[in-house]
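**Student:** Encoded as structure tokens, here's the structure I'll be asking about.
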Amino acid sequence: VSQSRYAGSEQHVYELSKGLVLRGHEVVIVSNTDKSSEIVKRSEASGIVVIDFKRYLKEGAGKVEIVHSHQYGASYLCRSKEEKAIQVSTIHSKCILDEPYIDRGIYNYIVVNEGIRDRWSKELRGQRVEVIMNPIDRKRFRPLSIGESFSIEIYDEIRKRREEIRSYIIYSGTQDVS
């Protein structure tokens, strides 16, 4: 995990790790976020070990059996340090800024929808690729009821305050754009 915000990739890593721990697996999240970040707090509260990259490189590199990476830097680093481990890499985005690390030594790629698979199909040609939708915490999120719609009134409010706004970019991804 490579950012201090708790966004989609971080939530995915947390939910996946929590599920693996519940099934009896030993899980360690390697992160370069500080101890006050949301994913670290949630993970540690759930009994999941979180270590930073420096500690991983010093104490853990080469000792891992299975690596599941979620971002370019993590995929590259793990592939270079964990040559004997089975590596799986999840691709969360179609955005060129989130370009996946492609390596023939990665055992399996997971994409979170067909659109992402289609976007990276040329780069992933010859690789094992599976579409596995992101898990959803049904206690936190619920489907919309019939007749209910996503509230976009927030955009109307912004427009009222700033008349010159004509278009919006709604961003979802792993890059820190602030």
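The values are calculated or read from the model by the stated rules, or taken from the named source; none is laboratory data. Quantities reported herein were computed from a predicted structural model and do not represent experimental measurements. Cβ atoms come from the backbone with ideal geometry, glycine included; neighbour counts cover every protein chain shown. To get the accessible areas, we keep the full protein, side chains included, count just its heavy atoms, and leave off ligands, DNA and RNA. Shrake-Rupley method; radii C 1.70, N 1.55, O 1.52, S 1.80 Å.
**Student:** For the stretch 1-107, which GluC sites (Glu not before Pro) are in a loop by DSSP, counting at most 14 other Cβ atoms within 10 Å? Each step should come with its number before you reach the end.
**Tutor:** Details: sites: 10, 15, 26, 38, 44, 59, 65, 82, 83; in loops: 26, 65, 82, 83.
Qualifying residues, ordered by number: 26, 65, 83.
**Student:** While we're looking at this one, here's another question. Kindly flag which residue pairs out of 35/84; 35/58; 18/84; 35/139; 18/81; 58/81 have an alpha-carbon separation exceeding 23 Å in this structure. Before the final figure, lay out the partial values.
**Tutor:** Numbers: 35/84 29 Å; 35/58 18 Å; 18/84 25 Å; 35/139 26 Å; 18/81 25 Å; 58/81 11 Å.
35/84; 18/84; 35/139; 18/81, as the Cα separations exceed 23 Å there.
**Student:** With every protein chain present, what is the per residue accessible area of the stretch 25-118 (1.4 Å probe, Å²)? Kindly include the intermediate steps, with their values, before the conclusion.
**Tutor:** Details: 5370 Å² over 94 residues.
Heavy-atom accessible area per residue stands at 57 Å².
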